[in-house]
Structures are given as structure tokens and as C-alpha cells.
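**Q** The structure is given below, and queries will be raised subsequently.
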Amino acid sequence: MTPTGPIILIEDDSDDVLTMQEALKDLNIGNELIYFPNPIEAMKYLRETTAQPFLIICDLNMPLQDGLDFKRNVDADPELKKKSIPFIFYSTSATEADVSKAFLQMSIQGFFKKASSYIDILSDITAIIQYWKKSKHPNCF
């Protein structure tokens, strides 16, 4: 089964949101993109929606709450944990300390440094989407 749920993007930079929208369109990714400018609004949506999101793509440094704290809150919510939503960080900040915290202190499934060229962004998004469309995980059956 190919996951058809929405892709959740948590990103405070409007240019990066537009780039992601354009990339998904250019790659013919049929999943709806739902974006939030901060993790607080994203958490509210995730707790209220009955949809099974396909993927969460989250920036690391954002207003109100950083991506690491947001992921901790997702992991701490039993209902969201049951949904087993793949979680990817896509951020300009990809220090060794950030990556280590993300993998060692919580359960993320990927950490990508935002590419600077559109071609490289397309390559990143293609790799992420193809992997999760083929991967077996609890919400793909």
C-alpha cells in the first residue's frame, strides 16, 4: 500500500515552505502538504486530526518551541506514538550536537541538512519520499 496521507511540514521560513510546495509539485508527489509555522500549531493539528499523516518534516530552529522539544512531545503522546508517523528533521542547522541529540535522545527517522540548490532539494525530497513509500512500518499496511 502506498501511503496517501498528508505530509506535515513544520517550517517558519515562508521561502522554504514555497520551495517545498514547488518541489513536491515538480516531483508529482500526490500527498497533500499541510504546513505549520510553529510546532504548537502542528501539535494541535496532530492531536485533533483523524487523518494518518504520511510523514512529518520539521525544521529544528523555530519560534515558540524548537524541533527537538516538539519531537519529544510527539513521542510522549501515546496516541501519536501509536500512529508511528515517520519524523524527519530538515534544517539548516545540522551540527554534530543537534544530530546526536535527535538520534540518541528520541526516535527520529532521519536528519537532513537543507540543500542550497533547488536540484539538491529535489534530490533530498525524492530520496525521503521514495524511502518512506517503500519502507514497512506500522502505518503502511
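The values are calculated or read from the model by the stated rules, or taken from the named source; none is laboratory data. In this text, all values refer to a predicted model and were calculated from it rather than measured experimentally. All Cβ positions, even for glycine, are placed from backbone atoms using ideal geometry, and neighbour counts span all protein chains on display.
**Q** Residues to consider are 93, 135, 100, 107; find the one that is without any contact (Cβ under 8 Å) to a residue 12 or more places away in the chain and either surrounded by fewer than 16 Cβ atoms within 10 Å (Cβ to Cβ) or not β-branched (Val, Ile, Thr) (or both). Please lay out each step first, then the result.
**A** Working: 93 fails: without any contact (Cβ under 8 Å) to a residue 12 or more places away in the chain; 135 fails: without any contact (Cβ under 8 Å) to a residue 12 or more places away in the chain; 107 fails: without any contact (Cβ under 8 Å) to a residue 12 or more places away in the chain.
One residue alone meets the criteria, 100.
**Q** Still on this structure: So which residues in the stretch 74-90 are surrounded by 13 or more Cβ atoms within 10 Å (Cβ to Cβ) and either among the basic types (Lys, Arg) or in a helix (DSSP H, G or I) (or both), if there are any at all?
**A** Just the residues of the stretch 74-90 that are surrounded by 13 or more Cβ atoms within 10 Å (Cβ to Cβ), to begin with: 74-75, 77, 80, 83-90.
Passing the criteria: 74, 75, 80, 83.
**Q** If residue 97 meets every condition in (1) part of a helix (DSSP H, G or I); (2) modelled with pLDDT of 85 or more apart from one, which number is that one?
**A** (2)
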